[in-house]
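Everything below concerns the one structure shown next.
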Amino acid sequence: MQTEQAWYIGLRSKALTVVYLTRRDDLIVDTEKKEHDLDILVSIRQNGKNINRIFGVEVKAIKSSPKIIQNNHIFNIEGADINVLQSRFIKCNFPICLFFFTLDNDNGYYKWINEPILDNENSNKLKSNGSPEFRKLTNEAINDIVSLVNQWYENQTTNYVISRRERYHVRDALKQITQKRAAKDDINQEVNDVKS
(Lines give C-alpha, C1' and ligand atoms only; values in the text may rest on other atoms or scores of the structure.)
Protein backbone atom coordinates (compact mmCIF):
# COMPACT_ATOMS: atom_id res chain seq x y z
CA MET A 1 0.00 0.00 0.00
CA GLN A 2 1.34 3.40 -1.02
CA THR A 3 1.42 6.11 1.63
CA GLU A 4 0.39 9.65 0.77
CA GLN A 5 2.92 12.42 1.07
CA ALA A 6 2.28 15.52 3.13
CA TRP A 7 0.46 18.24 1.18
CA TYR A 8 3.35 20.70 1.29
CA ILE A 9 5.93 18.42 -0.32
CA GLY A 10 4.74 19.11 -3.86
CA LEU A 11 4.41 22.85 -3.26
CA ARG A 12 7.80 23.18 -1.66
CA SER A 13 9.62 21.12 -4.29
CA LYS A 14 8.05 23.21 -7.08
CA ALA A 15 9.05 26.37 -5.22
CA LEU A 16 12.65 25.12 -4.97
CA THR A 17 12.59 24.36 -8.70
CA VAL A 18 11.38 27.87 -9.48
CA VAL A 19 14.13 29.34 -7.26
CA TYR A 20 16.82 27.40 -9.13
CA LEU A 21 15.48 28.24 -12.58
CA THR A 22 14.74 31.92 -11.98
CA ARG A 23 18.32 32.62 -10.94
CA ARG A 24 18.85 32.92 -14.69
CA ASP A 25 17.17 35.91 -16.30
CA ASP A 26 16.90 34.18 -19.69
CA LEU A 27 14.38 31.58 -18.48
CA ILE A 28 10.62 31.96 -18.26
CA VAL A 29 9.15 29.44 -15.84
CA ASP A 30 5.51 28.45 -16.26
CA THR A 31 4.01 26.43 -13.43
CA GLU A 32 0.37 27.05 -14.36
CA LYS A 33 0.02 25.34 -17.73
CA LYS A 34 -0.54 21.62 -17.60
CA GLU A 35 0.37 20.92 -21.22
CA HIS A 36 1.98 17.54 -21.81
CA ASP A 37 1.17 16.67 -18.17
CA LEU A 38 4.36 18.44 -17.02
CA ASP A 39 4.88 20.19 -13.70
CA ILE A 40 6.86 23.05 -15.25
CA LEU A 41 7.43 24.30 -18.78
CA VAL A 42 10.55 26.44 -19.24
CA SER A 43 11.12 28.78 -22.17
CA ILE A 44 14.54 30.13 -23.06
CA ARG A 45 14.89 33.76 -24.09
CA GLN A 46 17.77 35.49 -25.82
CA ASN A 47 18.34 39.24 -25.52
CA GLY A 48 14.92 39.52 -23.87
CA LYS A 49 13.10 37.85 -26.76
CA ASN A 50 11.42 34.48 -27.05
CA ILE A 51 13.47 32.18 -29.29
CA ASN A 52 11.02 29.25 -29.36
CA ARG A 53 13.09 26.89 -27.25
CA ILE A 54 11.42 25.00 -24.44
CA PHE A 55 12.17 22.18 -22.07
CA GLY A 56 10.05 20.50 -19.45
CA VAL A 57 10.73 19.81 -15.80
CA GLU A 58 8.97 17.15 -13.78
CA VAL A 59 9.39 17.66 -10.03
CA LYS A 60 9.47 14.95 -7.37
CA ALA A 61 10.44 15.08 -3.71
CA ILE A 62 10.50 13.15 -0.48
CA LYS A 63 10.37 14.48 3.07
CA SER A 64 13.52 12.88 4.46
CA SER A 65 16.83 11.93 2.92
CA PRO A 66 16.83 8.48 1.39
CA LYS A 67 19.80 6.21 1.07
CA ILE A 68 22.05 7.83 -1.52
CA ILE A 69 24.98 6.04 -3.11
CA GLN A 70 27.50 8.44 -4.60
CA ASN A 71 30.08 7.50 -7.22
CA ASN A 72 32.01 10.63 -8.25
CA HIS A 73 29.34 13.01 -9.59
CA ILE A 74 26.67 10.31 -10.01
CA PHE A 75 24.03 9.64 -7.34
CA ASN A 76 21.78 6.60 -7.05
CA ILE A 77 18.82 7.52 -4.87
CA GLU A 78 16.87 4.79 -3.14
CA GLY A 79 13.14 5.41 -3.41
CA ALA A 80 13.33 7.70 -6.44
CA ASP A 81 10.92 5.59 -8.48
CA ILE A 82 11.21 7.16 -11.91
CA ASN A 83 10.29 4.26 -14.18
CA VAL A 84 6.66 5.37 -14.42
CA LEU A 85 7.80 8.74 -15.81
CA GLN A 86 9.39 7.23 -18.91
CA SER A 87 6.08 6.11 -20.41
CA ARG A 88 4.26 9.35 -19.50
CA PHE A 89 6.54 11.51 -21.62
CA ILE A 90 7.34 9.19 -24.52
CA LYS A 91 5.28 11.33 -26.93
CA CYS A 92 6.86 14.65 -25.92
CA ASN A 93 9.23 15.81 -28.62
CA PHE A 94 11.34 18.19 -26.58
CA PRO A 95 13.85 17.76 -23.72
CA ILE A 96 12.49 16.96 -20.25
CA CYS A 97 14.38 16.87 -16.93
CA LEU A 98 13.42 15.37 -13.61
CA PHE A 99 14.30 17.42 -10.53
CA PHE A 100 14.29 15.41 -7.30
CA PHE A 101 14.49 17.07 -3.87
CA THR A 102 15.06 15.79 -0.35
CA LEU A 103 13.18 18.30 1.76
CA ASP A 104 14.85 17.74 5.11
CA ASN A 105 17.99 19.38 3.71
CA ASP A 106 16.69 20.93 0.43
CA ASN A 107 19.25 19.00 -1.61
CA GLY A 108 18.34 18.76 -5.27
CA TYR A 109 19.28 16.22 -7.91
CA TYR A 110 18.42 15.96 -11.59
CA LYS A 111 18.39 13.54 -14.47
CA TRP A 112 17.09 13.63 -18.01
CA ILE A 113 13.81 11.90 -18.84
CA ASN A 114 13.96 12.88 -22.53
CA GLU A 115 17.65 13.57 -23.00
CA PRO A 116 18.75 15.75 -25.93
CA ILE A 117 21.29 13.98 -28.12
CA LEU A 118 23.71 16.00 -30.24
CA ASP A 119 24.95 14.45 -33.46
CA ASN A 120 26.30 15.49 -36.85
CA GLU A 121 23.08 14.61 -38.69
CA ASN A 122 21.16 17.71 -37.52
CA SER A 123 18.38 15.55 -36.19
CA ASN A 124 16.17 16.11 -33.19
CA LYS A 125 17.07 12.98 -31.31
CA LEU A 126 15.89 12.46 -27.78
CA LYS A 127 16.93 9.49 -25.70
CA SER A 128 14.42 8.10 -23.24
CA ASN A 129 16.62 7.85 -20.16
CA GLY A 130 15.58 5.05 -17.81
CA SER A 131 18.80 5.16 -15.82
CA PRO A 132 18.45 5.59 -12.04
CA GLU A 133 21.51 7.86 -12.00
CA PHE A 134 21.12 11.47 -10.88
CA ARG A 135 23.49 14.43 -10.72
CA LYS A 136 23.61 17.15 -8.07
CA LEU A 137 21.37 20.12 -8.90
CA THR A 138 23.43 23.31 -8.67
CA ASN A 139 23.54 26.65 -10.46
CA GLU A 140 26.26 25.19 -12.68
CA ALA A 141 24.03 22.19 -13.44
CA ILE A 142 21.20 24.55 -14.49
CA ASN A 143 23.69 26.31 -16.79
CA ASP A 144 24.69 22.93 -18.27
CA ILE A 145 21.04 21.96 -18.80
CA VAL A 146 20.23 25.23 -20.59
CA SER A 147 23.43 25.01 -22.65
CA LEU A 148 22.62 21.46 -23.79
CA VAL A 149 19.03 22.41 -24.65
CA ASN A 150 20.29 25.42 -26.64
CA GLN A 151 22.82 23.28 -28.51
CA TRP A 152 20.13 20.71 -29.25
CA TYR A 153 17.81 23.33 -30.77
CA GLU A 154 20.69 24.87 -32.73
CA ASN A 155 21.34 21.40 -34.16
CA GLN A 156 17.81 21.18 -35.61
CA THR A 157 17.02 21.40 -39.30
CA THR A 158 13.76 23.19 -38.47
CA ASN A 159 13.26 26.15 -36.18
CA TYR A 160 11.08 24.38 -33.68
CA VAL A 161 10.11 20.87 -32.77
CA ILE A 162 6.54 21.18 -31.53
CA SER A 163 3.55 21.75 -33.79
CA ARG A 164 2.56 25.17 -35.07
CA ARG A 165 -0.66 25.17 -33.02
CA GLU A 166 1.29 24.45 -29.84
CA ARG A 167 3.88 27.08 -30.79
CA TYR A 168 1.22 29.80 -30.91
CA HIS A 169 -0.23 28.56 -27.63
CA VAL A 170 3.19 28.70 -25.97
CA ARG A 171 3.83 32.16 -27.46
CA ASP A 172 0.55 33.46 -26.00
CA ALA A 173 1.34 31.94 -22.62
CA LEU A 174 4.81 33.52 -22.65
CA LYS A 175 3.31 36.89 -23.54
CA GLN A 176 0.94 36.66 -20.56
CA ILE A 177 3.79 35.69 -18.23
CA THR A 178 5.92 38.58 -19.52
CA GLN A 179 3.03 41.00 -18.96
CA LYS A 180 2.52 39.69 -15.40
CA ARG A 181 6.25 40.05 -14.71
CA ALA A 182 6.24 43.65 -16.05
CA ALA A 183 3.19 44.52 -13.91
CA LYS A 184 4.90 43.05 -10.84
CA ASP A 185 8.06 45.05 -11.59
CA ASP A 186 5.97 48.23 -11.90
CA ILE A 187 4.32 47.57 -8.53
CA ASN A 188 7.71 46.88 -6.91
CA GLN A 189 9.07 50.14 -8.36
CA GLU A 190 6.10 52.09 -7.00
CA VAL A 191 6.61 50.52 -3.56
CA ASN A 192 10.30 51.43 -3.64
CA ASP A 193 9.43 55.00 -4.72
CA VAL A 194 7.02 55.33 -1.79
CA LYS A 195 9.62 53.98 0.65
CA SER A 196 12.26 56.50 -0.49
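The values are calculated or read from the model by the stated rules, or taken from the named source; none is laboratory data. This structure is a prediction, so every number in the text was calculated from the model and none was measured. Using ideal geometry, Cβ is built from the backbone for each residue, glycine included, and neighbour counts are taken over all protein chains shown.
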- [ ] Go through the stretch 1-36 and give me each residue that's within 23 Å of K175 (Cβ to Cβ), surrounded by fewer than 12 Cβ atoms within 10 Å (Cβ to Cβ) and at pLDDT below 90.
- [x] E32, K34
Open item on the list: Can you find a residue that is within 18 Å of V42 (Cα to Cα), assigned by the TED database to the domain that holds K60 and in contact (Cβ under 8 Å) with a residue 40 or more places away in the chain anywhere in the stretch 126-139?
Closed with: yes
Open item on the list: When the residues of the stretch 143-170 are narrowed to those that are closer than 14 Å to N50 by Cα and at pLDDT 85 or above, which ends up surrounded by the most Cβ atoms within 10 Å (Cβ to Cβ)?
Closed with: Y153
TODO: Could you tell me whether L174 is of a type in the set (A, V, I, L, M), at pLDDT below 80 and in the same structural domain as D26 (by the TED database)?
DONE: no
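Here is a check on your reading of the model: is Q86 assigned to a helix (DSSP H, G or I), over 21 Å from L11 (Cα atoms) and modelled with pLDDT under 70? Talk me through it step by step, then tell me what you get.
Details: assigned to a helix (DSSP H, G or I): yes; over 21 Å from L11 (Cα atoms): yes; modelled with pLDDT under 70: yes.
When the stated conditions are applied, Q86 passes them.
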